[in-house]
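These notes concern the structure reproduced below.
The values are calculated or read from the model by the stated rules, or taken from the named source; none is laboratory data. Everything numeric here is computed off the predicted structure, so don't read it as measured data. When we count neighbours, we look across all protein chains shown, and the Cβ atoms used for this are built from the backbone with ideal geometry, even at glycine. SASA here: full protein model, heavy atoms, side chains in, ligands and nucleic acids out. Shrake-Rupley method; radii C 1.70, N 1.55, O 1.52, S 1.80 Å.
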Amino acid sequence: MKQLMAANWKMYKTREEAGETLKELASLLTGMPENREVVIFAPFTCLNACSDTLKNETRISLGAQDCYPQKEGAFTGEVSPGMILDCGADYVLTGHSERRSILNESDDFVGSKTSFALKNGLKTILCVGESLEERDGGKLEEVLVRQLQTGLKDVPDDTSPDCLAIAYEPVWAIGTGRVAGPEEILESHAVVRKFLKIRFARQGASRRILYGGSVKAENAAAIMQLENVNGVLVGGASLRADSFSRIVLA
Ligand code: PEP
């Protein structure tokens, strides 16, 4: 199983800035270990340009930060999995906490996106995570299991581990500078692993679980060594090639 090192660029970067960052990143990743895979989740508007920049680059994949669960139609402002593939990207994120909280996406809608994206050929990372209130209220397991159950409701049992990963991102650690401690990460990833083993049987053990939330070059190596951590999803520290490359190589 390759460790998946993912960058979420959120609503940052013009096409030119994205191209510059990718060129610098590709040169900084010379000597990247074979057991690491890199994916950049860029804004829709940059996907085509990024795909052109990466055309001779096999180590870095490209993804979109969201998709709509329909092939085409009267869905103003939305983007389908087919359109994302057409732009040269083959990954998508679903259920990011910013979409759940700012855009009010329900567990059910996230589940529809996840199964539709997979069915239409996109490798998918489903994001789950609890708020501070939920954690403090002792609801960690309940929240994670609910988000996983509904988020994966129509996903076929035999979905390949290469095509579907889970990102555990505690809402209170995203963009706050407050990284979850080792005990908190171990506890949450164990809940996700237990769920995956029941949901996907043997393939649940080899499905990747990423940690996300204020990952930086300084803490990445320690996080990557924890049990059931098979990669990271990085926001702020992925915007610059130098800091993200240090995380990938940590
Ligand atoms: C994210 O956006 O998924 C994220 C983890 O952000 P940050 O690394 O900035 O906390």
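Tally up the residues in region 53-83 that are more than 16 Å from the ligand (Cβ to nearest atom) and touching a Phe, Trp or Tyr at 6+ places or on another chain (Cβ under 8 Å), please.
Result for region 53-83: 11.
I'd like the full set of residues that are over 15 Å from GLY63 (Cα atoms) and more than 16 Å from the ligand (Cβ to nearest atom), limited to region 94-129.
Correct list: ASN104, SER106, ASP107, ASP108, PHE109, GLY111, SER112, SER115, PHE116, LYS119.
Tally up the residues in region 55-87 that are assigned to a loop (DSSP other than H, G, I, E, B) and touching a Ser or Thr at 6+ places or on another chain (Cβ under 8 Å), please.
Total satisfying the criteria: 8.
For region 99-151, enumerate the residues that are open to solvent by less than 60 Å² (accessible area, probe 1.4 Å), acidic (Asp, Glu) and assigned to a helix (DSSP H, G or I).
Answer for region 99-151, where residues must be open to solvent by less than 60 Å² (accessible area, probe 1.4 Å), acidic (Asp, Glu) and assigned to a helix (DSSP H, G or I): ASP107, GLU134.
Test THR21 against the stated conditions and say whether it is open to solvent by less than 20 Å² (accessible area, probe 1.4 Å), out of contact with any Leu (no Cβ under 7 Å at 6 or more places or on another chain) and either within 16 Å of the ligand (Cβ to nearest atom) or on the phi < 0 side of the Ramachandran plot (or both).
Criteria met by THR21.
Out of VAL192, VAL229, VAL248, VAL215, which single residue is closer than 21 Å to ASN35 by Cα and touching a Phe, Trp or Tyr at 6+ places or on another chain (Cβ under 7 Å)?
VAL229
If a residue must be within 14 Å of the ligand (Cβ to nearest atom) and open to solvent by less than 30 Å² (accessible area, probe 1.4 Å), how many such residues does region 220-247 contain?
So the answer is 13.
For region 91-128, give me each residue that is touching a Gly at 6+ places or on another chain (Cβ under 9 Å) and at positive phi.
Correct list: GLY95, GLY121.
With the requirement that a residue be open to solvent by 10 Å² or more (accessible area, probe 1.4 Å), hydrophobic (A, V, I, L, M, F, W, C) and within 16 Å of the ligand (Cβ to nearest atom), what does region 159-202 give you?
Correct list: VAL171, TRP172, ILE174, VAL179.
If we keep just the residues of region 24-54 that are open to solvent by less than 50 Å² (accessible area, probe 1.4 Å) and either among the aromatic types (Phe, Trp, Tyr) or assigned to a strand (DSSP E or B) (or both), which is farthest from SER97 (Cα to Cα)?
This residue is ARG36.
Out of all the residues in region 27-40, is one or more in contact with a strand residue (DSSP E or B) (Cβ under 7 Å, 6 or more places away or on another chain) and over 24 Å from GLN225 (Cα atoms)?
No, region 27-40 contains no residue that is in contact with a strand residue (DSSP E or B) (Cβ under 7 Å, 6 or more places away or on another chain) and over 24 Å from GLN225 (Cα atoms).
Across region 196-218, what is the total count of residues that are in contact (Cβ under 8 Å) with a residue 40 or more places away in the chain and over 18 Å from the mean Cα position of the chain (by Cα)?
Residues in region 196-218 being in contact (Cβ under 8 Å) with a residue 40 or more places away in the chain and over 18 Å from the mean Cα position of the chain (by Cα): 4 in total.
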